[in-house]
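Undergrad: The structure is given below, and queries will be raised subsequently.
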Amino acid sequence: MSWKASLSRHLNVVRFFACPKSPSSRGVIGWYSKNYEELKQLNPTMPLLLRCADNAMPAITTELDFTTEHLLKYMLQYDKFKSEARADAAKKYLGYLNDPALKREYERERWNSPGFDPWQPFLEDERPDWKSDPKLSKDLSRYLEIHGELERTWNTIQGGSTPDEEFTRGENALLMCQRVDLWCAGEAEVEAAMKHLLNLGKECNDLEQDKPEYVTEFYPGVEDL
């Protein structure tokens, strides 16, 4: 029961697909019918949707907030990069994402010029030559250095218009991890698929609200009590 109670803390929605006439969907329909009431009691605000249609492939899907780090790790793990240079660039970019000191320095140097933010919306349209400003280029020299290196590395990862569109294919393949096909699966396999999606939700989704360390608002009680 414990893992069922934590579903809504890590998953936005769970969708079940099945064909009501096909024996291949009996596991999905059977597990859903037996567990829906308990799941809904434990997760009253989370949608648990069953979609039935003729010849539908039995499956379970959810929604996961994949990040750039998840994508690059996935592509490296499954050898999605056809070029060694792009694979090395991905490892280099992951090194930045996993370097808290460099990330703090990047964020700190961003504000090194008082009254100016290089992330300001429409900055490139309104001031396309801001990088040539002597004061800004001096104040933001370290920021521009880090930003330029990250930009070049990211462009290498994407590889421009590669013939086989490996980066787009990698993105699409990762998105398919939100779905588990359950053709002719039994109820035990359906439950294992649910636990698998829950573990992915723990890794990718951040649905739990941060609780304050102390009370920020105080409302006095009734005086006569």
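Undergrad: Does Lys82 satisfy the condition of being open to solvent by 70 Å² or more (accessible area, probe 1.4 Å), under 27 Å from the mean Cα position of the chain (by Cα), at pLDDT 90 or above and closer than 30 Å to Arg152 by Cα?
TA: Against the criterion (open to solvent by 70 Å² or more (accessible area, probe 1.4 Å), under 27 Å from the mean Cα position of the chain (by Cα), at pLDDT 90 or above and closer than 30 Å to Arg152 by Cα), Lys82 does not qualify.
Undergrad: Okay, moving on. When the residues of segment 31-51 are narrowed to those that are of a type in the set (S, T, N, Q) and touching a residue at least 24 places away in the same chain (Cβ under 8 Å), which ends up surrounded by the fewest Cβ atoms within 10 Å (Cβ to Cβ)?
TA: Thr45
Undergrad: Exactly one condition in (1) among the small types (Gly, Ala, Ser); (2) modelled with pLDDT of 95 or more; (3) open to solvent by less than 30 Å² (accessible area, probe 1.4 Å) is false for Ser113; which is it?
TA: Evaluating Ser113 over (1) among the small types (Gly, Ala, Ser); (2) modelled with pLDDT of 95 or more; (3) open to solvent by less than 30 Å² (accessible area, probe 1.4 Å) leaves (2) as the failure.
Undergrad: Turning to a different aspect of this structure: Which one of the conditions (1) open to solvent by 40 Å² or more (accessible area, probe 1.4 Å); (2) charged (D, E, K, R); (3) free of Cβ contacts under 8 Å to residues at least 60 places away in the same chain; (4) within 30 Å of Ala101 (Cβ to Cβ) does Asp139 fail to meet, given that it meets all the rest?
TA: (1)
Undergrad: Being polar (S, T, N, Q) and surrounded by 14 or more Cβ atoms within 10 Å (Cβ to Cβ), is that true of even one residue in segment 72-79?
TA: No, there is no match, as no residue in segment 72-79 is polar (S, T, N, Q) and surrounded by 14 or more Cβ atoms within 10 Å (Cβ to Cβ).
Undergrad: Answer with yes or no whether Asp125 is of a type in the set (D, E, K, R), surrounded by fewer than 12 Cβ atoms within 10 Å (Cβ to Cβ) and touching a Leu at 6+ places or on another chain (Cβ under 9 Å).
TA: When the stated conditions are applied, Asp125 does not pass them.
Undergrad: Just the residues that are closer than 25 Å to Asn205 by Cβ, open to solvent by less than 10 Å² (accessible area, probe 1.4 Å) and either charged (D, E, K, R) or not in a loop (DSSP other than H, G, I, E, B) (or both), please, taken from segment 1-28.
TA: Those that are closer than 25 Å to Asn205 by Cβ, open to solvent by less than 10 Å² (accessible area, probe 1.4 Å) and either charged (D, E, K, R) or not in a loop (DSSP other than H, G, I, E, B) (or both): Leu7, Val14, Phe16, Ala18, Val28.
The values are calculated or read from the model by the stated rules, or taken from the named source; none is laboratory data. The model shown is predicted, which means the values in this text are computed figures rather than measured ones. When we count neighbours, we look across all protein chains shown, and the Cβ atoms used for this are built from the backbone with ideal geometry, even at glycine. Side chains are part of the model used for accessible areas, which takes the heavy atoms of the whole protein and leaves out ligands, DNA and RNA. Shrake-Rupley method; radii C 1.70, N 1.55, O 1.52, S 1.80 Å.
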